[in-house]
Amino acid sequence: MTNTSTKQTGTTRRGALKTLAAGAAATSLPLWARYAQAQTSEPIRVGFQMHRTGIGAAYGRWYGRATEAAARLINEAGGINGRPLEIVVEDDGTDPKRGAEVVEKFATQHNCDVGFGTLFSHVVAGSAPRAGELKLPYFIVSEGHQLASGALNRYTVQPGITDVKSQVMAMAPFVAENLGKKVTMIYPDYAFGHDHRDFFSEAIAAQGGEVVAKLAIPPTETSFTKYFPKIPRETEVVYHVMVGPAVLTFVKEMGEFFGPNGPEMFGFIDSLEAVDIASPGLEFLEGSHFWEGMPRYVQPNQTEEDKFYREQVGVDANGASVSDPKDVSTYAHMFACWETLYFIKAGMEAAGYQGPQDRQALIEAVEAITEMPLSKEHPQGPKLFNGKTHQVFGEQHISQVVEGKLLVKHTTAIEEGFYPDEVDYTKMSF
């Protein structure tokens, strides 16, 4: 990806950038004055495709909380184009078939302006084609490479979180230089895991390393002990990325299998999202490393943006709910819902969006956005959006478990995750 110019003719582009950088503080106008226009207008309806049930439920719960917080702030600041924002929630059960049905309900029953929120890549794969057929702008909050590879459509956009290909390209040099070059991979057996398998294999090979074994785990698996004996003795690093309700079982069984003398561990925090690292049986993780999209624990150099976001979403310094320390967040991912809502807001304001007749203009407006600086709207960090591939690029964090908490040891530059464009959606017809 190249960093294209942020300029756009007219005031549309400037308006988008001002929106992206302005901060989330509410206007000084009294609430009744801010809503004088909104009261005479239909709300902007965003269909939130929520993994309320199924293997994505922990993510769905926290994606919902981040979405609610951002929507509240947007409405307190006057809404979008003078209209209030309404979040319409439908549970897709983390199921591809139900995902497509939910997208159809957004478009035909709920009169939603856009769809939003999908995480699990197999649900994205089942849902995005229907969004394209219905010409419903569909803002996914996933990490799969399907979109940037050209496999989806012009109506599908991923502006809030980086994809797996970008993540592993940025991570691989650290793994090779600090942990080892002979890697066994353990990953879920569907599109998201296959992205890890394929792209990390390429990335570690570019660093002079190799993947010596690839262990694909069915997403419904509940016990993992039968897989660990398949790890070759020559393995220097176990690369693990697991998801779903059985992740605590996975990491505990891995610790029991290896004991204190196992290979180095490099995990994607997906293996521990919504799980307390201080849980009994996880002591073996001390000293191991994880990828994090946004650091779960408050860091010594915490930004004001992280502090604001954390307070608004209701997350404490350890990454758990302020009302229940056992309710651990999916902090490394859920920021993307917050950021995507603000991206939608910026696009709608740049396009002068009024209703479904402006959906094409909305897509064209977001394709023109490039730079998103660190701000209250983008608290995870600065980002660059590639309008051709509809994919965002950002910083990655490598954290180490130190005294039972995650401490950031390395942050990659945005450009370390760049790769050549594989598609140009701007050349596709609507």
- Task: Pull out a ≥ b ≥ c, the square roots of the eigenvalues of the alpha-carbon gyration tensor of segment 334-389, then state rounded if a/c is under 1.5, prolate if not and a/b is larger than b/c, and oblate in the remaining case.
- Result: prolate
- Note on the structure: Heads up, segment 255-346 by the C-alpha gyration tensor (a ≥ b ≥ c square roots of eigenvalues; a/c under 1.5 rounded, else a/b over b/c prolate, else oblate) looks prolate
- Item | Among beta bridges that DSSP assigns inside the chain, antiparallel share in %, nearest 5 | 40
- From highest to lowest solvent-accessible area (probe 1.4 Å; ligands, DNA and RNA excluded), E143, E90 read E90, E143
- Query: Which percent of the accessible heavy-atom area of segment 347-430 goes to carbon and sulfur, probe 1.4 angstrom?
  - Reply: 49
- Report, in deg cm²/dmol and to the nearest 500, the calculated mean residue ellipticity at 222 nm for the chain, where each DSSP H run with n ≥ 4 adds -39500 (n - 2.57) and the sum is divided by the residue count. -10500 deg cm²/dmol
- Query: Roughly speaking, to the nearest percent, how much of segment 234-314's 1.4 Å accessible area is carbon and sulfur?
  - Reply: 49
- Item | Taking the chain and dividing mean pair separation by its residue count, relative contact order in percent (alpha carbons under 8 Å, at least six apart) | 20
- Task: Order the following by accessible area, largest value first: E253, E339. Probe radius 1.4 Å; ligands, DNA and RNA are ignored.
- Result: E253, E339
- Query: With every protein chain present, what is the per residue accessible area of the chain (1.4 Å probe, Å²)?
  - Reply: 38
- Query: In straight Cα distance, which aspartates and glutamates are under 12 Å from K226, not counting same-chain residues fewer than 8 positions off?
  - Reply: E253
- Item | Computed label-point distance, nm, for sites K409 and T220 using a 7 Å Cα→Cβ extension | 3.8
- Item | Accessible surface of segment 88-184, 1.4 Å probe, proportion on carbon and sulfur as whole % | 47
- Task: Give the range of the longest stretch in the chain that excludes all trypsin sites (Lys or Arg not before Pro) found in loop regions by DSSP and having at most 14 other beta-carbon atoms within 10 Å.
- Result: 8-225
- Between beta-carbons, use under 13 Å as the cut-off and find the net charge around F228, counting Lys and Arg +1, Asp and Glu -1. +1
- Note, K427: beta-carbon cut-off 12 Å, +1 each Lys/Arg, -1 each Asp/Glu, net -1
- Note on the structure: Quick note, the chain: a/c under 1.5 would make it rounded; otherwise a/b > b/c is prolate and the rest oblate (a ≥ b ≥ c, C-alpha gyration tensor); here it is prolate
- Counting Lys and Arg as +1 and Asp and Glu as -1, what is the net charge of the other residues whose Cβ lies under 13 Å from the Cβ of Y331? -2
- Would you list T330, T249, T220 from the most to the least accessible area, probe 1.4 Å? T220, T249, T330
- Note on the structure: Loop-resident chymotrypsin sites (Phe, Trp or Tyr not before Pro) in segment 335-365 with no more than 16 other Cβ atoms inside 10 Å, DSSP not H/G/I/E/B, are none
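The values are calculated or read from the model by the stated rules, or taken from the named source; none is laboratory data. In this text, all values refer to a predicted model and were calculated from it rather than measured experimentally. Positions of Cβ are generated from backbone atoms using ideal geometry, with glycine treated the same way; all protein chains shown enter the neighbour counts. Note: areas computed on protein heavy atoms with side chains; ligands, DNA, RNA excluded. Shrake-Rupley method; radii C 1.70, N 1.55, O 1.52, S 1.80 Å.
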